[in-house]
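Remarks on the structure that follows.
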Amino acid sequence: MTWTRLTRPDLSVRIVRRKLAKRDEPYWSLLCYGRHLGYLRRSKRTTYWVARARSRDGKYRQLRLGRTDDQRIADGEIYLSYEQAARKAADWFRACDETFGLSDALPIGIKEELDYVPVGSTYTVGHALNEYLEWKRIAAAKSYFQTLVG
């Protein structure tokens, strides 16, 4: 099954995690592009948090962070809550980036601006594209407003 944002389980909710089936591969939660926090269910009582990061060569590196707080209270060392696991994963991502060189961690969402480099006062293709995109944004907003009013 291919996971989408609408069908991907919310791993921060304990009740949702308890309903997940046992399997060999973790259920992944996307922290940002190239960085994941996983929930691995080996059996009803054996569950782990796993961190995964994409390296520059395109391969993933994984680390088992600790046990989940599904059966016991989180202590921050052996048993981790989702938030504690995410912080521990972020620490590992920083250490792993220094050692192995991870790919860039990009924020989740839509890019709103065009990247271009202006060349002095010369009007470039980048300028033209930027102005066109701004015009499209205004035109789309205007027609959307007219649709709502009309």
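The values are calculated or read from the model by the stated rules, or taken from the named source; none is laboratory data. These numbers come from a predicted model, not from an experiment. Cβ atoms come from the backbone with ideal geometry, glycine included; neighbour counts cover every protein chain shown. In case anyone asks, the SASA skips ligands and DNA or RNA and just uses the protein heavy atoms, side chains included. Shrake-Rupley method; radii C 1.70, N 1.55, O 1.52, S 1.80 Å.
Side notes on the structure shown:
- Among 33-39, 73-79, the order from most to least packed when residues are scored by Cβ within 10 Å on average: 33-39, 73-79
- Per-residue SASA remark: residue 14, around 100 Å² accessible (1.4 Å probe; ligands, DNA and RNA not included).
- Using the Cβ-Cβ distance between residue 25 and residue 73 with R0 set to 25 Å, the FRET efficiency from 1/(1 + (r/R0)^6) comes to roughly 0.35.
- Probe 1.4 Å, accessible area per residue of segment 49-89, Å²: 60
- Cβ-Cβ FRET estimate between residue 33 and residue 136, R0 fixed at 30 Å, reported to 0.05: 0.75
- Computing FRET efficiency as 1/(1 + (r/R0)^6) for residue 124 and residue 63, where r is the C-beta to C-beta distance and R0 is 41 Å, gives about 0.35.
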